[in-house]
Amino acid sequence: MATNGQALPVDLAMRILVVEDEPKVAAFLKQGLEESGHEVLSASDGNSGRRLAKEKGVDLVLLDVILPGLNGVDTCRAIRHDGGNMPILMLTALGTTDDKVAGLDAGADDYLVKPFEFQELLARIRSLSRRGHAATESNGTLAYGNLELNLMKKEATRDGQRILLTAKEFALLEFFLRNPERVLSRALISERVWDIDFNTGTNVVEAYIKLLRKKVDRDFEPKLIHNRVGLGYILTDRP
């Protein structure tokens, strides 16, 4: 299957770590990513992937869930524990909501279910790359009540307590804070936060909302992120 990769400008090329134990899949990903202008490092098990993520200064990790030794979810958690803050995109044949939540809760930024079109993978990578550039170029603070988001430091706080967020959670919270008191549909959230115009998965938005609520609302009052049945979600201090 052809990858149809297109070369990127040098400033958009990334060093990508592919952690995949199936040789044919790993070779396919490596070929397509290199044809698209990226540098690719490869690992066939979780422990090796963790080591390379820590030592090689990678810009993004493509991480399979089912791996020998340390599985993908535990590898993701270990990379975050080691201080790795690069985007992590999980690749897996497991597509249930619980599987997605497990990966996201471990620190993953996105989740792509096999089989997938290579162009969709590239779109996800571009999306993660663009959000990273935008965050470093922004400055100032967004605030709503006792919730603040420092765009320069990429830090969230509530009542002065720091809230640790993944890159995807940060982008989602930023979108809410730029649109307070406004109902945001799932389709709009997918388009603006994922930067893509196709369906990212039936329950992915709900999974991220669940994770964000756990961090932003569970231990604080008033609750800020609310569901509007049949319409979407809203950031408001009025339920």
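The values are calculated or read from the model by the stated rules, or taken from the named source; none is laboratory data. A quick note: this is a predicted structure, and the numbers were derived from the prediction, not measured. Cβ sites come from the backbone with ideal geometry, for glycine too, and all protein chains shown count toward neighbours. For the accessible areas, the whole protein counts, side chains as well, though only heavy atoms, and no ligand, DNA or RNA atoms are used. Shrake-Rupley method; radii C 1.70, N 1.55, O 1.52, S 1.80 Å.
Annotations
- Selected residue (only one of N179, N203 is more than 28 Å from E117 (Cα to Cα) and open to solvent by 20 Å² or more (accessible area, probe 1.4 Å)): N179
- Check on E120, surrounded by fewer than 22 Cβ atoms within 10 Å (Cβ to Cβ), at pLDDT 85 or above and charged (D, E, K, R): yes
- Within the range 210-225, being crowded, with 17+ Cβ neighbours inside 10 Å and either over 24 Å from the mean Cα position of the chain (by Cα) or within 14 Å of P180 (Cβ to Cβ) (or both) holds for V216, L224, I225.
- Qualifying residue in the range 94-107 (condition: within 17 Å of L33 (Cβ to Cβ) and buried (at least 19 other Cβ atoms within 10 Å of the Cβ)): no
- Complete set of residues in the range 15-74 that are polar (S, T, N, Q) and open to solvent by 40 Å² or more (accessible area, probe 1.4 Å): Q31, S42, S44, N47, N71
- Contact map, the range 204-222: residues that are free of Cβ contacts under 8 Å to residues at least 12 places away in the same chain paired with residues that are surrounded by fewer than 16 Cβ atoms within 10 Å (Cβ to Cβ) and of a type outside the set (A, V, I, L, M, F, W, C), Cβ distance under 8 Å, separation 6+ or inter-chain. Pairs shown: D217/K223.
- Any hit, the range 158-167, residues being within 22 Å of G103 (Cα to Cα), at pLDDT 90 or above and surrounded by fewer than 16 Cβ atoms within 10 Å (Cβ to Cβ): yes
- Annotation note: Cβ proximity below 7 Å between a residue of the range 81-92 that is open to solvent by 10 Å² or more (accessible area, probe 1.4 Å) and a residue that is in a strand (DSSP E or B) and not polar (S, T, N, Q) (sequence gap 6+ or interchain) occurs for M86/L60; M86/V61; P87/L60.
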